[in-house]
Amino acid sequence: MAPFIVKIDPYEIEKTLNRMFSPEWLRDTAAKAGYVQRSRKIDPATLFWILVLGFGVGVQRTLASLRRAYETAAAETLVPSAFYYRFNKGLIAFLKECLAHGIADLATSYQPHHFR
């Protein structure tokens, strides 16, 4: 019996995440969750990806290192207090909505390759 060979798209995870969490969806959800009342320097879409991708196994991050990562990604310089102030109940509500959305999307759209 020949081995079952599946051609895997190396960008599949990136495409799926970008479909699930488009910048528009992230900004709209941040506004609905009460995280963003008006447009400011800190973009909720950029902050979301910094928080999600900024942690890894065995990696310890500080708020200062997350701020620096945000500044690099957004090409913005932030006063530390402006960044730290963003870690509030609104951010918690926003991230909870993102988590619920991600779980729901995966639950309804996931199909293993051998069932396609």
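The values are calculated or read from the model by the stated rules, or taken from the named source; none is laboratory data. This is a predicted model, so every value here is computed, not measured. Neighbour counts run over all protein chains shown; Cβ positions are idealised from the backbone, glycine included.
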- Being surrounded by 15 or more Cβ atoms within 10 Å (Cβ to Cβ), within 16 Å of Leu53 (Cα to Cα) and either among the basic types (Lys, Arg) or in contact with a His (Cβ under 6 Å, 6 or more places away or on another chain) (or both) is the filter here, so list the residues in the range 10-28 that pass it. none
- Query: Restricting attention to the range 101-109, does a residue exist that is at pLDDT below 90 and either of a type in the set (Ser, Thr, Tyr) or assigned to a loop (DSSP other than H, G, I, E, B) (or both)?
  - Reply: yes
- Message: I'd like the full set of residues that are at pLDDT below 90, surrounded by 13 or more Cβ atoms within 10 Å (Cβ to Cβ) and either of a type outside the set (D, E, K, R) or in a helix (DSSP H, G or I) (or both), limited to the range 50-64.
- Response: Gly54
- Query: Out of the residues in the range 24-41 that are farther than 17 Å from Ile92 by Cβ and not charged (D, E, K, R), which is farthest from the chain's Cα centre (by Cα)?
  - Reply: Ser39
- Residue in the range 29-49 that is free of Cβ contacts under 8 Å to residues at least 12 places away in the same chain, within 19 Å of Ile103 (Cβ to Cβ) and surrounded by fewer than 17 Cβ atoms within 10 Å (Cβ to Cβ) present: no
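Before we move on, is Arg86 in contact with a Pro (Cβ under 7 Å, 6 or more places away or on another chain) and surrounded by 16 or more Cβ atoms within 10 Å (Cβ to Cβ)? Give the steps one after another, and end with the answer.
Working: in contact with a Pro (Cβ under 7 Å, 6 or more places away or on another chain): no; surrounded by 16 or more Cβ atoms within 10 Å (Cβ to Cβ): yes.
The answer is no for Arg86.
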